[in-house]
Amino acid sequence: MTTPLFSGFDLDKHLNACTNEALIAVQGLDRDHIQQADVAELEEAIVSEYERDAPRLLLDRICMLEPEEVSVDVSRHPRYAPPMRAGRRVHVAGSRHTVVVPFEGDARLLLHAPNRYTSNPPAAKLVGNELHFVYDLTPVDELTSIKPDYENRLKRINDYLAATCAQVGEYNRQLRARVRSAIEERRQRLLNDVRNVAGLGLPVRRRNDVSVYSPPSVRRKKPVVRPNPNRERHSPEPALPVDEFEHILRVVENLAIFIERSPRTFSRMKEQELRDQILVQLNGHYEGDATGETFSCAGKTDIFVRVDRREIFVAECKFWTGPKGHIETLDQLFSYTAWSNVFLAVVIFNQNKDHTQVLGRIGECSKEHKFFARRLPDRSETHQRYIFRHPQDPDREVEVAVLAFHLAR
């Protein structure tokens, strides 16, 4: 599936969030450990975890995959003039040619918008650390016709990466200085506390501090190893990383496609039963706390990622009932939204036959919502993205993914 690049949250917001996480990590270090460990080692451990590596295209390794046989939609092909009927698509046997562009660096940064951008960002299929440009050609199309297109895409992507690289480089430079300053300030503050208490002449009894952790239920990758403290840490507000948000949506999309292709199994299910199918899949991807599931439901159709009794991801699973029902679904979704929530989702199952028209109506009525700010590029025909003003803070934004799937009766 082709993905619009450089069109998600602002890169500055992402990097600012990374800086805040690094500073929280400094405050979470064990007090005895931070006073005894080498400052340079602590600095390097924190920085190595939170610094970012801007992507770089490996232009000398560009290649093509072997051609595939595919069915090509020629309903709007200029060199074909098939007899058209309302709603009918015409296909011919063709071939798929894929240009592969490897890259180094953090793939997640390809999804964030740098300071310099256009209203029409480039797109590609993101496969690991490769960009795939996919072209489906008919027998009358010349293979050489794809060269101007992929060369233009490469130029546009490199222009975006130049802006991204500049921002990330400045972020990395400032991150090291701020982490070192935070470590030294905390060491000095702790030293002052010890001196002040000693001046009272009273014996000191240790107390158990509140622990700090990154939410285990939403982290799939093993974090960079830091100096091992002997005691528990202070607890920050849990947050959902962008890549985990995208992964959650991919899990839901894959399940929904399976549901679309198996109407006999799922067509008679109610909203709650379809929601439970999603929960089963999500819990298969994420480990939660030992006392309960990571993904839980509240009410009839709500889906939560819950960490330490806080909901950091919220979604609604609904049947399509029309524009009014969609507005009510958004209202219900926003009613659960805490200030810390910046990623939300609506999963819609449409049992009507006019699915293309329903997709259009979703876009129209979403723009009419009182919190609507702007529409982002669609991820696919059935995956729309929007930015809404946060219901708890008009100066804060929340990204909402709307996934709509056809469920034949």
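For the stretch 350-378, the set of residues classified as over 20 Å from Arg261 (Cβ atoms) and of a type in the set (Lys, Arg) consists of Arg361, Lys367, Lys370, Arg374, Arg375, listed by residue number. Could you tell me which of the residues Ala45, Ala17, Ala22 is in contact with a helix residue (DSSP H, G or I) (Cβ under 6 Å, 6 or more places away or on another chain) and touching a residue at least 40 places away in the same chain (Cβ under 8 Å)? So the residue among Ala45, Ala17, Ala22 that is in contact with a helix residue (DSSP H, G or I) (Cβ under 6 Å, 6 or more places away or on another chain) and touching a residue at least 40 places away in the same chain (Cβ under 8 Å) is Ala22.
Tell me, please, whether a residue that is loosely packed, with under 15 Cβ neighbours inside 10 Å and modelled with pLDDT of 65 or more can be found in the stretch 303-321. Within the stretch 303-321 (the criterion being loosely packed, with under 15 Cβ neighbours inside 10 Å and modelled with pLDDT of 65 or more), the answer is yes, since at least one residue qualifies.
Scanning the stretch 364-407 for residues that are loosely packed, with under 14 Cβ neighbours inside 10 Å and either under 25 Å from Arg275 (Cα atoms) or aromatic (Phe, Trp, Tyr) (or both) yields Ser380, Glu381.
The residue that is surrounded by the fewest Cβ atoms within 10 Å (Cβ to Cβ), counting only those in the stretch 1-34 that are part of a helix (DSSP H, G or I) and at pLDDT below 80, is Asp32.
Taking the criterion of being under 16 Å from Pro4 (Cβ atoms) and among the small types (Gly, Ala, Ser), the residues of the stretch 377-409 that qualify are Ser380, Ala401.
So how many residues does the stretch 7-55 have that are in contact with a Leu (Cβ under 7 Å, 6 or more places away or on another chain) and among the aromatic types (Phe, Trp, Tyr)? Count: 1. Do the conditions hold for Val347, that is, is it under 27 Å from Phe258 (Cα atoms), buried (at least 18 other Cβ atoms within 10 Å of the Cβ) and touching a residue at least 60 places away in the same chain (Cβ under 8 Å)? Yes, satisfied.
Looking for something among the aromatic types (Phe, Trp, Tyr), under 25 Å from Asp53 (Cα atoms), modelled with pLDDT of 90 or more and crowded, with 16+ Cβ neighbours inside 10 Å - is there at least one such residue anywhere in the stretch 107-127? For the stretch 107-127, residues among the aromatic types (Phe, Trp, Tyr), under 25 Å from Asp53 (Cα atoms), modelled with pLDDT of 90 or more and crowded, with 16+ Cβ neighbours inside 10 Å: absent.
Quick one: how many residues across the stretch 360-384 are in contact with a Gly (Cβ under 8 Å, 6 or more places away or on another chain) and assigned to a strand (DSSP E or B)?
So the answer is 3.
Within the stretch 80-104, restricting attention to residues that are over 22 Å from Val70 (Cα atoms), modelled with pLDDT of 90 or more and not hydrophobic (A, V, I, L, M, F, W, C), the residue that is farthest from the chain's Cα centre (by Cα) is Pro102. Looking across the stretch 261-274, just one residue is buried (at least 17 other Cβ atoms within 10 Å of the Cβ) and either modelled with pLDDT under 80 or of a type in the set (Val, Ile, Thr) (or both), and that is Phe266.
Quick one: would you say Ile327 is aliphatic (A, V, I, L, M) and not in a helix (DSSP H, G or I)? Against the criterion (aliphatic (A, V, I, L, M) and not in a helix (DSSP H, G or I)), Ile327 does not qualify.
The values are calculated or read from the model by the stated rules, or taken from the named source; none is laboratory data. Nothing here was measured: the structure is a model prediction, and the numbers come from that model. A quick note on method: Cβ atoms are made from the backbone with ideal geometry, for glycine too, and the neighbour counts reach across all protein chains shown.
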